[in-house]
1. Check Ile30 against each of (1) within 16 Å of the chain's Cα centre (by Cα); (2) on the phi < 0 side of the Ramachandran plot and name the one condition it does not meet.
2. Does region 147-165 hold any residues that are open to solvent by 10 Å² or more (accessible area, probe 1.4 Å) and either in contact (Cβ under 8 Å) with a residue 24 or more places away in the chain or aromatic (Phe, Trp, Tyr) (or both), and which are they?
3. Checking the condition over 22 Å from Leu147 (Cα atoms), within 16 Å of ligand 2 (Cβ to nearest atom) and not assigned by TED's automatic domain parsing to the domain that holds Cys10, which residue from Phe270, Phe203, Phe262 passes?
4. Condition test on Val303, is it open to solvent by less than 10 Å² (accessible area, probe 1.4 Å) and outside the structural domain of Gln132 (by TED's automatic domain parsing)?
5. For residues that are more than 8 Å from ligand 1 (Cβ to nearest atom) and among the aliphatic types (A, V, I, L, M), scanning just region 67-88, find the one that is farthest from Ile100 (Cα to Cα).
6. Quick one: count up the residues across region 200-219 that are among the β-branched types (Val, Ile, Thr) and either without any contact (Cβ under 8 Å) to a residue 60 or more places away in the chain or surrounded by fewer than 22 Cβ atoms within 10 Å (Cβ to Cβ) (or both).
7. Going through region 27-75 one residue at a time, which ones are open to solvent by 30 Å² or more (accessible area, probe 1.4 Å) and assigned to a strand (DSSP E or B)?
8. Tell me which of these Thr222 doesn't satisfy, since it passes every other one: (1) closer than 30 Å to Ser252 by Cβ; (2) surrounded by fewer than 17 Cβ atoms within 10 Å (Cβ to Cβ).
Amino acid sequence: MAKTLIIGACGQIGTELVLALRKKYENETIIASDIRESIPDILANGPYIQLDILNRDEVRKYIIDQKIEHVYLLAALLSATAEKNPDFAWKLNMEGLFTILDLAKEGHINRIFWPSSIAVFGPTTPSKNTPQQTIMEPSTVYGISKLAGENWCAYYHSKFGVDVRSIRYPGLISYNSLPGGGTTDYAVDIFYSAKEGKEFSCFLGKDTELPMMFMDDAIRATLELMNADSDKISVRTSYNVAGCSFTPEKISEEIKKHLPEFKISYNPDFRQNIAETWPSTIDDSVAKKDWNWICQYNLTKIVSVMVKKIKIRKNLI
Ligand code: NAD
Ligand code: AKB
């Protein structure tokens, strides 16, 4: 059983990933870490260490001393936050990756997961059914950092044999954890307004179609890729995966089927400009062929689970 460290474990994906890994493997082998001093209660069922990925010496010492074998590196600034702080976004999104890739190159780690994003695509990319390999000219700091990261992953794999695996996640929709500063965050926020009986002010226009995915699908994709035989992995930059694509108007119509009183208004801000450069639908045929990826949640199923689970969560508080 590989001793595993999740860096950035208290975020939207990390929270769910740690829970999924602890369900599958022994809790003691799944170590959550984050820059945050305290952890969400939901992660208190196993080990936690406060680590700043930008403190290279401390991270190196911990990974070597603790004989960590697998690392999931999730700490990053997302698209909207990164546009507000480009220098720091570049530093955080790139330096941490080099620390982990170098440890693997030196033989201290034997497998890495590092997430990329649909943000690697840009305004010149074909936006419908965006292929695995296509024009990639991102126009955001976040997208530039993810594209550079993908290429560094492929480089460390081909030059040094580093086993690094990656997925270009679409916008992720979850109920156990909140999103952390992205352009797709509206698709989670909308459920809280809907459940609270408040009108939702959407920061994207009503016809802005983006690729999205339910968190359970994203976590399953991550674990399936990490468990795939190495010889099945033909892509060492990052895999396209598709869930379902929808507009704010489409998701609000689906919510109204459960909560007929729900109201939405549209007040696009700077995130609209980002969204307009991203694909609307994704071709994930390579992931399907290589490691049998298949999505299980369409919009109807996502909305029905979200409406139910967010109610349960609110009742528990
Ligand atoms: P998030 O912002 O919710 O979580 C990031 C976590 O990293 C936070 O808990 C934060 O405290 C931690 N962190 C920040 N700085 C740190 C540091 N210096 N050292 C250690 N930890 C630090 O992000 P997320 O949505 O969970 O995304 C995780 C990864 O997945 C990111 O690389 C992101 O780009 C990628 N991704 C996410 C989505 C999505 O929709 N959530 C989509 C595509 C790609
Ligand atoms: C964001 O909106 O920044 C993220 C992403 C798609 O990478 N959710």
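The values are calculated or read from the model by the stated rules, or taken from the named source; none is laboratory data. These numbers were taken from a predicted model, which means no experiment stands behind them. We place every Cβ from the backbone using ideal geometry, glycine too, and count neighbours over all the protein chains shown. The area values use the complete protein model at the heavy-atom level, side chains included, leaving out ligands, DNA and RNA. Shrake-Rupley method; radii C 1.70, N 1.55, O 1.52, S 1.80 Å.
1. (1)
2. Leu147, Ala148, Asn151, Trp152, Ala154, Tyr155, Tyr156, His157, Ser158, Phe160, Asp163
3. Phe203
4. yes
5. Going through the qualifying residues, I end up with Ala80.
6. Looking only at that region, the number is 1.
7. Tyr48, Ile49, Gln50, His70
8. Only one criterion is unmet by Thr222, namely (2).
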